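Step one of this worksheet: look at the structure below.
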Amino acid sequence: MKFHDVIEFALHALEGYLARTLLTLLAMTIGVASVVLLTTLGEGARLYVTDQFSSLGTNLLIILPGRTETTGTAPPLTGGTTRDLTLEDAASLERSRHVRRLAPIIVGAAPVSFGQLDREVTILGSTASLFEVRKLSMSQGQFLPELEMNLASPVCVLGYKLKSELFGNKKALGQWVRVSADRCRVIGILDEEGLSVGVDMGDVLIMPVASAQRLFNSSSLFRILVEARHKEIIDKARDDIRRIIKERHEGEEDVTVLTQDSLLSTFNRILSTLTYSLGGIAGVSLLVAGIMIMNVMLVAVSQRTAEIGLLKALGAPRHQILLLFLTESAFLSLLGALAGLLAGLAGNWVLQQYFPMFPFVAPQWALWSALAMAILTGIGFGLVPARRAASLDPVVALSGR
Amino acid sequence: MVLLRESKQVNNQGPDAFFITLGHVDRSFKLGDEMVHGLDDVSLQIKSGEYISIMGPSGSGKSTLLNVLGLLDKPDQGDYRFQGQNIMQLSEQELAGFRREKIGFVFQAFHLVPRLSAAENIALPLMLAGVSHLERTDRVQQALENFNLVDRSHHRPDQLSGGQRQRVAIARATITRPSLLLADEPTGNLDHNSSLEVVGVLEELNRQGITLVVVTHDSELGKRADRVIQMLDGKIRTDA
């Protein structure tokens, strides 16, 4: 039997039971389309997050106090507690020629009030460098002034959301707000754009790091953000940082230095896993579609028993009958899969129109694996009905007994 | 009606002068708890070009005999030679090949594929045999002309009369130029006129050389054959 004839016969048979064929195609279409859409969402989230990270600049290093390691010595004399990161540590890092600029950060929460309005917000204590390091932008006024790190100053910069909560449409620049027991003068408002990873920069109050230390009565830093001179020397900058801190901390390497790359790859890994699991969940619907194909083909075999008997009488051997019915189920899954791909991509396009900020791009691997999965389930689940057809006794099949 | 036959040479083939030889063939089925003897020690010899009718009441084993002759059913015991070939030793695939090339079937219920046109139904055995589309079209066209179906070629079975359907079925059964044509109650579902027409077609094919075996319980049709085999309870009662 010619290949072309097998195809034509199978298509003809599918056409002969149109309603049933279309319903099965629909099931497969939904299965494949959901794989495409869900993996697109996962992939989109990944791209979105990594894009946000990259916008911070890939030559960023983040220093955290403490070291991620497991130690197990006997009761330590020096104590297991790590040394705090201090402003002096931060200042000493400026010695490295690989460091372009750095911004020490203290984070805390405190009530901020103006007039009758009171709001609990995140307080960031930092320096003027933070503006460059975190690629912030201003909508009004200016950022923190260039000061010595250890000098406090009663000035602050508000996030746009905090500003509108406290001041509404009124002028905020030059006003004094109360932060816990202190007061500071508003000298700038951040731009609305400033939402960057982790912290909602709309709802913060930024003040000089020394002022924040006084406010929270603590000298230890939460982070030091360091910008290396180039992306290429980021490893050298990290080594420098470790060396300098180690010197200062009596030979103890008790800080963790994260690079943008390592953070990025961690997020990448997490979000890729998310994408895979979304794909897996959607894959279940492919399985359901496969079972539906099996069901439909079983019905087809029992409905077309006489036809199968006839084909056998006309001299079709087992393997030919098997091939004919497998081709039918393969077509059901293939056509359904193609329709599903189109539906999924169309869905992506529609979503993209509504959410232009979010990248709706279906990952290549998902398209191919959805297609392959669909065809494999079609053939896999088609095998049982096809074998049943092939093993029918022609005498029984023809007599309709 | 033109059918090219090469049946004469079959007679000269090998030491076995007979086209078909059945020797002491048994075939029984289990129906519930009972064993039913479809065929009970049946021996039969058929020469090439014969016109045979098999008659008998229902359950007498005539259909079973036809199925065995047509290689659709395998005997439990006995000997079956088809053109000198020992059928009992053939595999499922070889049997299918024999059916495809040497045997044509005509059924009471026509068994046309409902979604295919008359022409496509006739072409079915050629398609299964892997004959090219071009050659198929030629041969099907020839068959449509031979069986007076040219104007019906694109009609589906449900658009044809009973007589036309059976003519399509006969055209399909003979499209591969088989040497044996087996007809199981070919007029069972037809009115009188259509029956005469179909019988005429079958007998014409026989005159052109095909070996024709008809199973029927219509004695009028049965008596038309050159040789009438009467069956009862799985045995051949008379053979004349």
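Database remark: amide H of A:Val155 closer than 5 angstrom to the amide H of A:Arg185 (H placed geometrically; neighbours at sequence offset of 5 or more, or on other chains; Pro and chain starts carry no H).
When the Gaussian network model of chain A links Cα atoms closer than 10 Å, the mean-square fluctuations of A:Val284, A:Val49, A:Val32 top out at A:Val284. In this label model, B:Ala109 and A:Glu146 are separated by 9.7 nm, measuring between points 7 Å along each Cα→Cβ vector. Once each part is reduced to its C-alpha centroid, what is the distance from the range B:162-240 to the range A:253-282 in angstrom? The range B:162-240 and the range A:253-282 have Cα centres separated by 78 Å. The Cα center of the range B:92-151 and the Cα center of the range A:289-350 differ in position by 24 Å. Probing with 1.4 Å while keeping every protein chain in the model, the per residue accessible area of the protein assembly as shown equals 47 Å². On the beta carbon distance between A:Leu18 and A:Leu338, with R0 = 22 Å, the FRET formula returns roughly 0.80.
The residues of the range B:53-86 occluded by other protein chains by 20 Å² or more of accessible area, set against the chain on its own, are B:Asn67, B:Leu72; surface from heavy atoms, 1.4 Å probe.
Determine the total buried accessible area between chain A and chain B, counting protein heavy atoms only with a 1.4 Å probe; round to the nearest 100 Å².
The contact between B and A buries close to 2300 Å².
About its Cα centre, how strong a charge dipole does the range A:127-244 have in debye, to the nearest 20, once Lys and Arg get +1 and Asp and Glu get -1 at the Cβ?
Details: 17 positive and 15 negative charges, 55 e Å.
Charge dipole, the range A:127-244, about its Cα centre: 260 debye, nearest 20.
In this label model, B:Arg237 and A:Leu298 are separated by 4.6 nm, measuring between points 7 Å along each Cα→Cβ vector. Candidate membrane-span-like segments in chain A, meaning DSSP H helices with Cα atoms spread over at least 27 Å of their own axis and a Kyte-Doolittle mean of -1.0 or above, are A:18-55, A:260-303, A:318-354, A:364-390, with no membrane implied.
Protein chains only, probe 1.4 Å: how do A:Leu11, B:Leu202 rank by accessible area, largest first?
Final ranking, largest accessible area leading: A:Leu11, B:Leu202.
Taking R0 as 30 Å, what FRET efficiency do you get between A:His4 and A:Val350 from their Cβ-Cβ distance, rounded to the nearest 0.05? Once rounded, the FRET efficiency stands at 0.20. The 1.4 Å probe gives accessible areas that order B:Met35, A:Met207, largest first, as B:Met35, A:Met207. Per the 1.4 Å probe, what fraction of the accessible area of the protein assembly as shown, in percent, lies on carbon and sulfur atoms? C and S atoms contribute 54 percent here. For the range B:114-131, a decrease in accessible area of 20 Å² or greater in the assembled protein chains relative to the isolated chain, with a 1.4 Å probe, applies to B:Arg115, B:Leu116, B:Glu120, B:Leu124, B:Pro125, B:Met127, B:Leu128, B:Gly130.
Residues A:Arg46, A:Arg185, sorted by accessible area with the largest first, give A:Arg185, A:Arg46 [1.4 Å probe; ligands and nucleic acids excluded].
At a threshold of 40 Å², the residues of the range A:1-29 that become less accessible to a 1.4 Å probe in the full protein assembly than in their chain on its own are A:Met1, A:Lys2, A:Asp5, A:Phe9, A:His12. Modelled label positions at A:Trp368 and A:Ser265, each set 7 Å beyond Cα in the direction of Cβ, lie 2.3 nm from each other. Quick one: of the DSSP bridges fully inside the protein assembly as shown, what percent are antiparallel, nearest 5? Counting DSSP beta bridges with both partners in the protein assembly as shown, the antiparallel share is about 70 percent. A full extension of the chain between A:Ser137 and A:Leu64 corresponds to an added length of 23.8 nm, given 0.36 nm per residue minus the alpha carbon distance. Here the calculated FRET efficiency for B:Asp226 and A:Val284, from their Cβ-Cβ distance with R0 = 51 Å, stands at 0.15, rounded to the nearest 0.05.
In the protein assembly as shown, helices alone account for a calculated mean residue ellipticity at 222 nm of -15500 deg cm²/dmol, with every DSSP H run of four or more residues adding -39,500 (n - 2.57).
The values are calculated or read from the model by the stated rules, or taken from the named source; none is laboratory data. These numbers were taken from a predicted model, which means no experiment stands behind them. Cβ sites come from the backbone with ideal geometry, for glycine too, and all protein chains shown count toward neighbours. Ligands, DNA and RNA are stripped out before the accessible areas are found, and what is left, the full protein with its side chains, is counted by its heavy atoms. Shrake-Rupley method; radii C 1.70, N 1.55, O 1.52, S 1.80 Å.
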